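Let me begin by presenting the structure, written as structure tokens, before commenting on it.
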Amino acid sequence: MDKSEKKTTTRRDFLFTTSYTVGAVGLGAVIWPLIDQMNPDKAQKALATTEVDISQIEPGKSITVLWRGKPVFLKRRTQEEILEARSVSLNDLPHPEKDEERVKSGKDEWLVMLGVCTHLGCVPLSNKGDYKGWFCPCHGSHYDLSGRIRKGPAPKNMEIPKYEFVDANTIKIG
Amino acid sequence: MSEQEYVPKSKAGKWFNDRLPLLSLASHLTDYPTPKNLNYWWTFGGILTFCLLTQIITGIVLAMHYVAHADLAFASVEHIMRDVNYGWLIRYIHSNGASMFFLAVYIHIFRSLFYGSYKSPREIIWIIGLMIYLLMMAAAFMGYVLPWGQMSFWGATVITNLFSAIPLVGDSITTWLWGAYSVDNPTLTRFFSLHYLIPFLILGLVVLHIWALHVPGNNNPVGIDIKKPSKDTVPFHPYITIKDAFALLLFMIIFAGFVFFAPNVLGHSDNYIQANPMVTPAHIVPEWYLLPFYAILRSVPDKLGGVILMFGAIFILFVLPWLDTSKVRSAVFRPIYRQFFWILIVDVLVLGYVGAMPAEGIYLVLARVGTVYYFLHFIVILPVVGYLEKTEPVPLSISDPVLTGSADYSMAKKDNEKI
């Protein structure tokens, strides 16, 4: 006993530290599967792309499709609507983004975005609100013709999902 | 707990009690000395126990017929309403039972606020009670999602999206909660699982709540410490049990009134439309018991700020015992606090009202005023009033003012003495 009292680190300290460390790693290894099982499963991830036929959409009209359980707005904008969206000064935007950054170049008339209000996830109504774009009925967020937030509690512009034009009449979302 | 040691009369009882002292526990609960001046505001503990058991029993029965799947849930609830024998009754008891549970818990909480039941030495009882209240809100929210109607779906969407306000990890947390990229079937099945679990967690906390209560004993309308047992106390049984039973009967009449005559008046008709992820109802409202918090959320024009204030409105209650600086417990002897108590009640009612209204115009103004006052009450008014208020003389015992007809102030403690 006398000897061990003089030592600053004993054999027992070493055993405690290593046991706790190994125990903590083991506990983490067991807890992680229990947490991760709640993340989207393979079946959910498999629904990750949707192809949409856009040949029937007239200028000025829009359709809504479901992608990953969320509505996606595909709006074919008229020239006036595009000009109006582009005439806005970036200083007037809570989340400054140019209209050009929100569409594919050369396909300026097509606005493809998640129809999900960035406040608390409701679906905004089209052709409503103070900026002729969308209006969220839940908590009163107004979006413009580029889907950018202009007024209300939403912090961001409506999200642009990953998408591409497969051919002139087909858009692949995801 | 100063009762004398309990010894069972029968030999078998003594044999059993020596090995597992359940009979001692029963004896403690029966003889438990209770202040003799408890009024009817003190009967809500028993009523809440009844509510919890009602929800558990009807819930177990409903789970025998309900199907937790996004394609089948809505139809299975209609199946319960139309096909299952007495299914309509059991479901209406369960859905209205949630409202009755919250009605009772709000009365119970405001009883505590009025009579200072949260103050030393009862802080732990108060905190456990708040944990029960939080679990109740979680259970009620998830339960409302299960019928998979429009309000279920969009209520779940709005509430889970609150977590996306958290910086950096918010979106990952929301996706994790959903188990999908929106509220979907995985969300429904996990909510069902947790909805079934939470009542039993609440039951465990109720045991702790009562255990913690039985250490100092009940507070009472005059809010003074009393000797136990003494001429100021009566045994729990039969005095309190019969009073609780009578109050419970009155409560059950109101409960039955809702179940049989207005079973849908507290619900929302949009929830009889099946969930549709493409269309948001024009006007999303939570159940009535969450409206004040919803009003606080919407009163802030910033997403993260609104979420912080809403949760803050609940979590501030956890430190209430330390925000209230008054040495006197009961508002009966606190002439200034008493008035602020009633203003707070009006404030919460106003918040509840504007929570049900569209967030615009005068309603938005009211919501902001109400929110500011709510926090002002706890952060400024309570600590300051506790210091400045001249409290009225507090009686030495419960019996003295009762027996002499009026309070004998010469017998009374002065407000600067420690109670």
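The values are calculated or read from the model by the stated rules, or taken from the named source; none is laboratory data. Only a predicted model underlies this, so the values are computations on that prediction, with no experimental measurement involved. Cβ sites come from the backbone with ideal geometry, for glycine too, and all protein chains shown count toward neighbours.
Yes/no matrix, rows are residues, columns are (1) closer than 24 Å to residue B:120 by Cα; (2) touching a residue at least 24 places away in the same chain (Cβ under 8 Å); (3) surrounded by 14 or more Cβ atoms within 10 Å (Cβ to Cβ):
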{"residue": "B:174", "(1), (2), (3)": "no, no, yes"}
{"residue": "B:216", "(1), (2), (3)": "yes, yes, yes"}
{"residue": "B:219", "(1), (2), (3)": "yes, yes, yes"}
{"residue": "B:251", "(1), (2), (3)": "no, yes, yes"}
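Of all residues in region B:339-372, exactly one satisfies the criterion of being buried (at least 18 other Cβ atoms within 10 Å of the Cβ), of a type in the set (Ser, Thr, Tyr) and under 22 Å from the mean Cα position of the chain (by Cα), namely B:371. What about residue B:264, is it under 27 Å from the mean Cα position of the chain (by Cα), buried (at least 20 other Cβ atoms within 10 Å of the Cβ) and under 30 Å from residue B:290 (Cβ atoms)? Criteria not met by residue B:264.
Checked against the criterion of being out of contact with any strand residue (DSSP E or B) (no Cβ under 7 Å at 6 or more places or on another chain) and within 26 Å of residue B:398 (Cα to Cα), region B:247-258 has at least one qualifying residue. There is at least one residue in region A:29-51 that is at pLDDT below 95, of a type in the set (Gly, Ala, Ser) and surrounded by 11 or more Cβ atoms within 10 Å (Cβ to Cβ).
So that you can scan it fast, the table gives a plain yes or no per residue for (1) among the basic types (Lys, Arg); (2) in contact with a strand residue (DSSP E or B) (Cβ under 7 Å, 6 or more places away or on another chain); (3) surrounded by 13 or more Cβ atoms within 10 Å (Cβ to Cβ):
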{"residue": "B:5", "(1), (2), (3)": "no, no, no"}
{"residue": "B:8", "(1), (2), (3)": "no, no, yes"}
{"residue": "B:20", "(1), (2), (3)": "no, no, no"}
{"residue": "B:23", "(1), (2), (3)": "no, no, yes"}
{"residue": "B:31", "(1), (2), (3)": "no, yes, yes"}
{"residue": "B:42", "(1), (2), (3)": "no, no, yes"}
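Of all residues in region B:53-62, none satisfies being crowded, with 19+ Cβ neighbours inside 10 Å and free of Cβ contacts under 8 Å to residues at least 12 places away in the same chain. Among residues of region B:97-120 that are modelled with pLDDT under 95, those with a beta-carbon under 7 Å from a residue that is surrounded by fewer than 22 Cβ atoms within 10 Å (Cβ to Cβ) at least six positions away or on a different chain give the pairs B:120/B:321.
Answer yes if at least one residue in region B:311-330 is out of contact with any strand residue (DSSP E or B) (no Cβ under 8 Å at 6 or more places or on another chain), under 25 Å from residue B:170 (Cβ atoms), within 14 Å of chain A (Cβ to nearest Cβ) and buried (at least 20 other Cβ atoms within 10 Å of the Cβ), and no otherwise. No, every residue in region B:311-330 fails to be out of contact with any strand residue (DSSP E or B) (no Cβ under 8 Å at 6 or more places or on another chain), under 25 Å from residue B:170 (Cβ atoms), within 14 Å of chain A (Cβ to nearest Cβ) and buried (at least 20 other Cβ atoms within 10 Å of the Cβ).
So is residue B:161 buried (at least 21 other Cβ atoms within 10 Å of the Cβ), facing chain A (nearest Cβ under 9 Å) and of a type outside the set (Val, Ile, Thr) or not? In short, yes.
Taken over region B:282-305, the criterion of being surrounded by fewer than 22 Cβ atoms within 10 Å (Cβ to Cβ) and within 13 Å of another protein chain (Cβ to nearest Cβ) is satisfied by B:282, B:283, B:284, B:285, B:286, B:300, B:301, B:302, B:304, B:305. For residue B:151, the conditions (1) surrounded by fewer than 20 Cβ atoms within 10 Å (Cβ to Cβ); (2) touching a residue at least 12 places away in the same chain (Cβ under 8 Å); (3) hydrophobic (A, V, I, L, M, F, W, C) are fulfilled apart from (1). Go through region A:53-78 and give me each residue that's touching a residue at least 40 places away in the same chain (Cβ under 8 Å), small (Gly, Ala, Ser) and within 14 Å of chain B (Cβ to nearest Cβ). A:62, the sole residue that qualifies. Checked against (1) crowded, with 19+ Cβ neighbours inside 10 Å; (2) on the phi < 0 side of the Ramachandran plot, residue B:116 passes all but condition (2).
Quick one: how many residues across region B:32-60 are aliphatic (A, V, I, L, M) and touching a Phe, Trp or Tyr at 6+ places or on another chain (Cβ under 8 Å)? I'd like the intermediate steps shown before the answer.
Residues of region B:32-60 aliphatic (A, V, I, L, M): B:38, B:47-48, B:52-53, B:56-57, B:60.
Subset that is touching a Phe, Trp or Tyr at 6+ places or on another chain (Cβ under 8 Å): B:47-48, B:52, B:56.
Going through region B:32-60 one residue at a time, the tally reaches 4.
For region A:94-140, the set of residues classified as in a strand (DSSP E or B), facing chain B (nearest Cβ under 10 Å) and crowded, with 23+ Cβ neighbours inside 10 Å consists of A:136 only.
Can you confirm whether residue A:155 is farther than 28 Å from residue A:53 by Cα, loosely packed, with under 14 Cβ neighbours inside 10 Å, in contact with a Lys or Arg (Cβ under 8 Å, 6 or more places away or on another chain) and within 14 Å of another protein chain (Cβ to nearest Cβ)? No: the conditions fail for residue A:155.
Applying the selection to region B:80-95, what residues are closer than 12 Å to residue B:260 by Cα and either β-branched (Val, Ile, Thr) or touching an Asp or Glu at 6+ places or on another chain (Cβ under 9 Å) (or both)? Walk me through how you get there before you give the answer.
Filtering region B:80-95 for residues closer than 12 Å to residue B:260 by Cα gives B:88-93.
If the condition is that a residue be closer than 12 Å to residue B:260 by Cα and either β-branched (Val, Ile, Thr) or touching an Asp or Glu at 6+ places or on another chain (Cβ under 9 Å) (or both), then B:90, B:93 are the ones that fit.
Here the condition is being assigned to a helix (DSSP H, G or I), over 30 Å from residue B:394 (Cβ atoms) and more than 14 Å from chain A (Cβ to nearest Cβ); of B:97, B:129, B:155, it holds for B:97 alone.
Evaluated against (1) in a loop (DSSP other than H, G, I, E, B); (2) away from chain A (no Cβ under 14 Å), residue B:182 falls short on exactly one condition, (2).
In the list A:140, A:174, A:106, which residue meets the criterion of being within 14 Å of the chain's Cα centre (by Cα) and either without any contact (Cβ under 8 Å) to a residue 12 or more places away in the chain or closer than 30 Å to residue B:185 by Cα (or both)?
Values: A:140 fails: within 14 Å of the chain's Cα centre (by Cα); A:106 fails: within 14 Å of the chain's Cα centre (by Cα).
Only one candidate qualifies: A:174.
The criterion of at least 2 residues that are among the small types (Gly, Ala, Ser) is met, among helices (runs of 4 or more DSSP H) falling completely within region B:230-327, by B:241-261, B:291-299, B:303-315.
Within this structure, residue A:145 fails the test of being aliphatic (A, V, I, L, M), in contact with a helix residue (DSSP H, G or I) (Cβ under 7 Å, 6 or more places away or on another chain), within 14 Å of chain B (Cβ to nearest Cβ) and surrounded by 18 or more Cβ atoms within 10 Å (Cβ to Cβ).
Conditions (1) in contact with a strand residue (DSSP E or B) (Cβ under 8 Å, 6 or more places away or on another chain); (2) more than 26 Å from residue B:155 (Cα to Cα), marked per residue:
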position: A:75; (1), (2): yes, yes
position: A:100; (1), (2): no, yes
position: A:114; (1), (2): yes, no
position: A:123; (1), (2): yes, no
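Quick grid of which residues meet (1) among the acidic types (Asp, Glu); (2) over 20 Å from residue B:185 (Cα atoms); (3) within 14 Å of chain B (Cβ to nearest Cβ):
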site: A:19; (1), (2), (3): no, yes, no
site: A:22; (1), (2), (3): no, yes, no
site: A:39; (1), (2), (3): no, no, yes
site: A:42; (1), (2), (3): no, no, yes
site: A:47; (1), (2), (3): no, no, yes
site: A:51; (1), (2), (3): yes, yes, no
